[in-house]
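Below is one structure, written out as structure tokens, with a few remarks after it.
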Amino acid sequence: MMTDRTGRRDTLVGLAALLLLLVAAVAWFASPTILYPIGDRLVECQACRIIYFHVPSAWVAYLAFFVVFSASIQVLRTGEPRWDAIARSSAEVGLVFTTLALITGSLWGKPIWGTWWAWDARMTTTLILWFIYLAYLMLRSYVEDERRAARYSAVLGILGFVDVPINYLSVTWWRTLHPEIAIVRPEGPAMPPFMVQILALSLLAFTLLYMYLLLRRVGLERTAQRLRAAQLGVAGQGA
Amino acid sequence: MFAGNGIYLLVAFVATVLVLAGYVWSLSSRARDLRRDAERAERDRPLR
């Protein structure tokens, strides 16, 4: 059962995430106009502010799938249901943020590149990532035996993570519409300081939001385990 | 701000808020249903 302490912790993380998101949202709209290079000139680009929530969505998706990867290793190593609950929950939250990255990326691409979608390396590998974790969740639903479902999906959670570094490095490995890595570079970020500051704030806000959603989703798994235990008539079971 | 290509910013922002709010609502709704089912199952469990 969700204890009062757990509930209070979740609420606190949720409130902190909401507060930080509100501050970040004010910064997104109040920030100076972004100048985007088209050919040899810089043009004012309002839609480029989408970067402030498109990049954090993709970052949180990477983080979520790293958690799936790590928890999946633990599932295979220990077989403990709590790791399975974390992996399953993080996969679902990661899928939501990957969806957001795809939607916001498409809405940014239209005014900048003149198309909603292009089969460039970054976009294609992001779509593959989305399908991998959709398959992960479908696998969970179709295999009835909980232990087998946990093992099968742990293998997929480990193998599927291979797409994350490919996705991140795709802009340097192939010619793509996406700009090259602009933030984490040895020579420093390739953008004005105000953009770096707002992006850092947004990253923090989205990471807190991920933590809140993960805690809520893991709580759901615990209740589901409690329900299964009660249905089996076995006293004293739970996560 | 929303003139020109700013409309894409507005649509992306609204879509982000809606997707996140929808997911939080779905979590709350599933939690409520599961808790109710778990309490009912525990209540109906025969005493040993």
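The values are calculated or read from the model by the stated rules, or taken from the named source; none is laboratory data. All figures in this text were calculated on a predicted structure; none of them were measured in a lab. Quick reminder, even Gly has a Cβ in these numbers, built from the backbone with ideal geometry, and neighbours come from all protein chains shown.
Remark: pairs (first residue in region A:110-127, within 15 Å of residue A:166 (Cβ to Cβ) and touching a residue at least 12 places away in the same chain (Cβ under 8 Å); second residue among the charged types (D, E, K, R) and surrounded by 15 or more Cβ atoms within 10 Å (Cβ to Cβ); Cβ separation under 7 Å; 6+ apart in sequence or on different chains) = A:125/A:163. Put simply, of A:154, A:135 the only residue that is surrounded by 18 or more Cβ atoms within 10 Å (Cβ to Cβ) and either within 22 Å of residue A:64 (Cβ to Cβ) or within 14 Å of another protein chain (Cβ to nearest Cβ) (or both) is A:154.
Residue check: is residue A:91 touching a residue at least 40 places away in the same chain (Cβ under 8 Å) and outside any helix (DSSP H, G or I)? Working first, answer last.
Working: touching a residue at least 40 places away in the same chain (Cβ under 8 Å): yes; outside any helix (DSSP H, G or I): no.
So residue A:91 fails the test.
Within region A:4-16, the presence of at least one residue that is more than 24 Å from residue B:17 (Cα to Cα) and in contact (Cβ under 8 Å) with a residue 12 or more places away in the chain is confirmed. Can you name the residue in region A:102-121 that is surrounded by fewer than 21 Cβ atoms within 10 Å (Cβ to Cβ) and closer than 30 Å to residue A:71 by Cα and, of all such residues, is nearest to the other protein chains (Cβ to nearest Cβ)? In this case the residue turns out to be A:103.
One line per residue, one yes/no per condition, for (1) assigned to a helix (DSSP H, G or I); (2) modelled with pLDDT under 95; (3) crowded, with 19+ Cβ neighbours inside 10 Å:
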site	(1), (2), (3)
A:9	yes, yes, no
A:12	yes, yes, no
A:23	yes, yes, no
A:27	yes, yes, no
A:32	no, yes, no
A:36	no, yes, no
A:52	yes, yes, yes
A:72	yes, no, yes
A:100	yes, no, yes
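Applying the set (1) of a type outside the set (D, E, K, R); (2) surrounded by 14 or more Cβ atoms within 10 Å (Cβ to Cβ); (3) within 14 Å of chain B (Cβ to nearest Cβ) to residue A:232 leaves exactly one unmet item: (2).
Number of residues in region A:177-205 that are of a type outside the set (Gly, Ala, Ser) and in a helix (DSSP H, G or I): the value is 10.
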